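Reading through the structure tokens given below for one structure.
The values are calculated or read from the model by the stated rules, or taken from the named source; none is laboratory data. Keep in mind that this is a model prediction, so the values were computed, not measured. Every residue, glycine as well, gets a Cβ built from its backbone with ideal geometry; the counts of neighbours run over all protein chains shown. With ligands, DNA and RNA removed, areas are computed over all heavy atoms of the protein, side chains included. Shrake-Rupley method; radii C 1.70, N 1.55, O 1.52, S 1.80 Å.
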Amino acid sequence: MAEKNFSSVTEFLLITFTDFPEWSLPLFLLFLFIYLITLSGNLGMIILIRMDHWLHTPMYFLLSQLSFMDICYSSVTVPQMMAILLEHGAVLSYTRCAAQFFLFTFFGSIDCYLLAIMAYDRYVAVCQPLLYVTIMTQKTLLSFVAGAYIVCLFSALVQTVSAFTLSFCGTNEIDFIFCDFPPLLKLTCGDSYTQEVVIIVFTIFVIPACMVVILVPYLFIIMAVMRISSAGGRAKTFSTCASHLTTVSLFFGTLIFMYLRDNSGQSSQEDQVVSVFYTTVIPMLNPLIYSLRNRVVKEALRKILNKAKLS
């Protein structure tokens, strides 16, 4: 097989789902339904937080940022998945493929960092409640979020440049739902060690680093909760973290399975199912988790609906 430089590759062909053409329409309708729920749920959460002054707190500011990122994150992949189903495949130029890889990496990384910042916010609220207002100031919050955006922008840029300086040869078919590094790696020829090391190093600065930032505050939160004498007090205190813990478990669980495991002998179908879950299902579930498991959000939603009925 002759080796080809990446500059000679003009397009990639996404062929996932094409083995089962009879499922194209049902899957298209399912993804369309999920995408509409994702957009309406996350947009509704953002509007609700802006409209209710009781939700103008650091926790809900971060939640509104997470909802916005989920809209962007889902929009990078889901419309393309629907196009693949309708057209039985999708052709992407390498420039568009690189742009998708960059945006997906950027928005996904921001999600990780926002969840880490939210863990720190819960730590301060539970372990240092009297200092919460002085620690989690608007300036501090904006600095955290701006820092996350800058770090993730740099990380996504480095990973994209590393991934798309690989040499590709042979088939240009990607049996995956979008341009991601694991399926792209299967198309490479020649030495890819340097690029793989660079991407692994920057991935470590996102997934494992954010997991440490999340786990350490929760260890202190658990210790603080265990010191509360009454069972009701422990349950009430820990309930403030329940929604965040649920989101973290779902999101990081799928990312660990996809990116921090041995890729040898991995199943393409298995990867596709997992990727659909973290790109499509989780962004839809986040606003539902925070609305159904959060008394303050439910009360704010009830007030907005009552005002709408009266008007």
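What to note about this one:
- Against the chain, whose longest principal axis comes from its Cα atoms, helix 138-163 is set at around 10 degrees.
- Under 12 Å, Cβ to Cβ, from Tyr278 - net charge with Lys/Arg +1 and Asp/Glu -1: -4
- Computed on segment 44-116, with alpha-carbon pairs under 8 angstrom and 6+ residues apart, the relative contact order is 35 percent.
- Cβ-defined net charge surrounding Leu219, 15 Å radius [Lys, Arg +1; Asp, Glu -1]: +2
- Relative counts (whole %) of C-alpha pair distances in segment 116-275, using bins that are 10 Å wide: 9, 29, 29, 18, 12, 4, 0
- Accessible-area composition of segment 1-107, carbon plus sulfur, in percent [1.4 Å probe]: 70
- Counting only alpha carbon atoms, the long axis of helix 94-127 and the longest principal axis of the chain meet at about 20°.
- Altogether, the Stokes-Einstein calculation at 4 °C and 1.567 mPa s, with the Kirkwood radius of segment 190-311 over Cα pairs as Rh, returns a diffusion coefficient of 72 µm²/s.
- Of the residues Cys179, Ser143, Ile110, the one whose Cα sits farthest towards the positive end of the charge dipole of the chain is Ser143 (charges of +1 on Lys and Arg Cβ, -1 on Asp and Glu Cβ, taken about the Cα centre).
- Based on C-alpha pairs under 8 angstrom that are at least 6 apart in sequence, segment 145-219 has a relative contact order of 34 percent.
- Accessible surface, per residue, of the chain when the full set of protein chains is kept, probe 1.4 Å, Å²: 50
- Tail fraction, Cα-Cα pairs, the chain, threshold 31 Å, whole percent: 36
- The chain: angle of helix 24-51 to the longest principal axis, Cα-based, in degrees nearest 10: 40
- Estimated FRET transfer efficiency when R0 is 25 angstrom, pair Val133-Val161 (beta carbons, to 0.05): 0.05
- Given charges at beta-carbon only (K, R positive; D, E negative), |dipole| of segment 79-203 in Debye: 420
- Placing +1 on the Cβ of every Lys and Arg and -1 on the Cβ of every Asp and Glu, with nothing else charged, gives segment 33-149 a dipole about its Cα centre of roughly 180 debye.
- Applying a 4.7 Å cutoff between beta carbons, the unpaired cysteines of the chain are Cys72, Cys127, Cys152, Cys241.
- Relative contact order, percent, segment 1-136 [alpha-carbon distance under 8 Å, six or more residues apart]: 35
- Helix content alone sets the calculated 222 nm mean residue ellipticity of the chain: runs of n ≥ 4 DSSP H residues at -39500 (n - 2.57) each, divided across all residues, give -24500 deg cm²/dmol.
- Neighbourhood charge, 15 Å Cβ-Cβ cut-off, centred on Trp54 and excluding it, Lys, Arg +1 and Asp, Glu -1: +4
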